[in-house]
Structure formats: C-alpha cells, structure tokens
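These notes concern the structure reproduced below.
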Amino acid sequence: MRKKIIAGNWKMHLNAHQASVLVHRLQERIETHKDIEVVLSPSMLHLQPLSTQIDRRKFKLAAQNGHFVDEGAFTGEVSMSMLRDMVNYVIVGHSERRHIFSETDEVAAKKVAAAFRNGITPILCIGETSTDRSAQETDRVLHDQVTVGLKDITASEVSKLVVAYEPVWAIGTGKIAKPNQVRDAVVTIRHNIAELFGEKAASNVRVLYGGSVKADVASGYMNVEGIDGLLVGGASLNYAEFNGIVEQAHKRLVQG
Ligand code: PGA
C-alpha cells in the first residue's frame with residue numbers, strides 16, 4: 001500500500017522563534033501513525049535548525065524549492081546537493097513558483113531530475129487555473145505539466161515520485177474543489193504517467209491533493225479514490241488545525 005503523506009507548506013511565514021514554537025507544539029500534539037508520514041516544509045532558512053529540533057520518528061522535512069544545478073555561480077540559490085542531508089522531500093513547481101517567479105514546466109523537469117540525482121523525493125505540484133477550467137482545458141494542462149515535468153527521469157524514479165494536484169483557483173482562496181473534480185484529476189494524472197512509464201510505475205506514484213484544506217474537509221479528500229494525502233498551506237501554520245488534519249486522515253485509514 002502507498003504510504004500516506006500529510007505535508008504542511010509554511011511558505012514565507014514565521015520567524016526562527018515562531019517556527020521553533022510551532023514545531024514544539026506539533027511535536028507535543030501529533031501522534032505517530034505508522035501509515036502516515038507527516039512532512040513539514042518551513043522556509044529554507046529554518047530547515048537547518050529545525051532538522052536538529054524535530055523528532056525524526058514523527059516528522060520529515062521538505063524544502064519549498066531548490067536549484068537544479070548542484071553547484072556554481074547562482075547568487076541567491078540553494079542547490080539540491082546542499083539540501084540532500086537535511087530533507088527527504090522538495091516541493092517542485094508550486095503554483096506560486098510558476099506564477100510569481102515564472103517557473104516553467106522545463107524548469108520543473110530539471111528540478112525533479114536534480115532532486116532524484118541527490119536522493120531527495122520531489123513533490124511535483126501541478127494544477128489548472130480557473131481560466132483553464134472554464135475553457136475545459138484542465139486535462140490538457142495536467143497532461144502537459146506531467147509530460148514535460150517528468151521528461152528527464154526514469155520509470156524507477158517515477159515509482160518514488162509524489163505529485164500534488166493543486167488547482168490554482170483553490171490555493172489560499174478558501175474555494176473548495178469538489179471531490180469528483182479531484183477524482184477526475186487523479187485519474188487523468190495516473191493515466192498520463194502510465195502512458196509514459198507504464199501502469200506499474202503509475203500505480204506507485206503517490207498523489208496528494210492541495211488547496212484550502214482544513215480539518216473539516218480533510219477526510220472528504222482522503223476518501224477520494226487514488227488520493228494518498230494532502231498538501232496543506234495556510235492551515236499548517238495552526239498546530240491544532242494541522243493536527244486535526246492528521247487525525248482525520250488517520251481515522252479515515254482506520255475505517256478502511
Ligand atoms: P492553502 O495552500 O492550503 O493555503 O490553499 C496550499 C498550497 O499552496 O500548497
């Protein structure tokens with residue numbers, strides 16, 4: 001069975017003290033469940049101190065970004081080779097990187113490859129905008145993001161991949177994607193991956209949902225067939241809410 005993931009993307013929030021307090025509270029509150037990986041993604045600056053603070057049995061760390069070249073004259077960048085001993089995961093192609101920092105599918109592809117080269121599991125974020133959806137372009141957008149984003153890796157690497165389906169219109173907006181919209185997207189994503197790398201690799205890929213997830217809707221998304229977890233933004237900054245999401249996911253798994 002694919003192990004579930006509940007990941008919290010803290011984005012550009014919290015100073016060092018606040019980040020440490022949040023980890024402390026999460027550590028007190030969140031229980032370890034063997035069927036769920038809880039992944040925290042603080043800012044780049046806080047990865048190092050938090051990597052020594054976290055209980056590794058409870059939490060894994062993810063970087064929010066990483067450069068695709070391992071070393072060189074790239075002022076302001078942090079490479080995957082610098083991150084490799086600190087994190088298990090790296091978020092690649094988040095819609096904020098795509099839309100605010102103009103990252104393309106080509107860039108995402110290089111980052112996915114760089115992550116695997118350095119032993120880090122990429123969480124490749126894909127999703128359509130509201131304009132794409134109203135133009136009935138969702139399937140085409142997902143197809144392009146998957147096809148280009150995975151073009152530089154092998155089938156055995158794909159088996160370890162995590163994809164986060166995050167409709168852009170649902171991120172940070174409070175707009176809720178309907179479970180049937182999520183189910184359709186997950187089917188499309190796995191189908192696209194199967195076409196490229198075969199059914200077996202596609203069935204190993206873990207697919208998360210992200211976009212305005214809170215504790216009260218978490219189990220609804222976990223119920224969607226093919227969904228293996230959640231990527232949580234805003235609600236991951238609140239320890240009670242994030243713990244609620246982990247508990248809802250666990251309850252859903254126990255119910256089978
Ligand atoms: P949100 O963010 O939960 O605040 O909508 C999700 C994300 O950006 O991954």
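None of the figures in this text is laboratory data; all of them are computed from the coordinates on show. Note that the structure is a prediction, hence the values are computed from the model and not measured. With ideal geometry, Cβ positions are generated from the backbone for all residues, glycine too; neighbour counts draw on all protein chains shown.
Does the chain classify as rounded, prolate or oblate by the C-alpha gyration tensor (a ≥ b ≥ c root eigenvalues; a/c under 1.5 gives rounded; else a/b over b/c gives prolate, otherwise oblate)? Note, shape of the chain comes out rounded.
Extending 7 Å from Cα along the Cβ direction at Q27 and again at S51 yields two label points whose distance is 1.7 nm. Here the chain carries DSSP beta bridges of which approximately 0% are antiparallel, counting only pairs with both residues inside. The HN-Hα couplings worked out from phi for the range 225-231 by the Karplus form 6.51 cos²θ - 1.76 cosθ + 1.60 (θ = phi - 60°) are 4, x, 8, 10, x, 9, 10 Hz, whole numbers, x standing for Gly and Pro. Distant-in-sequence amide contacts of L208, defined by a placed amide H-H separation under 5 Å and a gap of 5 or more residues or a different chain, comprise V163, A164, Y165, D228. When the chain is treated as a Gaussian network with alpha carbon springs shorter than 10 Å, the biggest mean-square fluctuation among Q64, Q145, Q48 belongs to Q48. For the pair the range 53-122 and the range 1-48, the centres of their Cα atoms are 16 angstrom apart. Between Q18 and E199, the FRET efficiency from the beta-carbon distance, with R0 = 41 Å, is close to 0.35.
With a ≥ b ≥ c the root eigenvalues of the C-alpha gyration tensor of the range 143-256, is it rounded (a/c under 1.5), prolate (a/b larger than b/c) or oblate? Note, shape of the range 143-256 comes out prolate.
At an R0 of 45 angstrom, the distance between the Cβ atoms of D35 and E77 translates into a FRET efficiency of 0.80. Checking every one of the GluC sites (Glu not before Pro) in the range 1-101 against DSSP loop status and a limit of 12 other Cβ atoms within 10 Å picks out E31, E71.
Within the listed set I245, I176, I227, the residue fluctuating most in the Gaussian network model of the chain (springs between alpha-carbon atoms under 10 angstrom) is I176.
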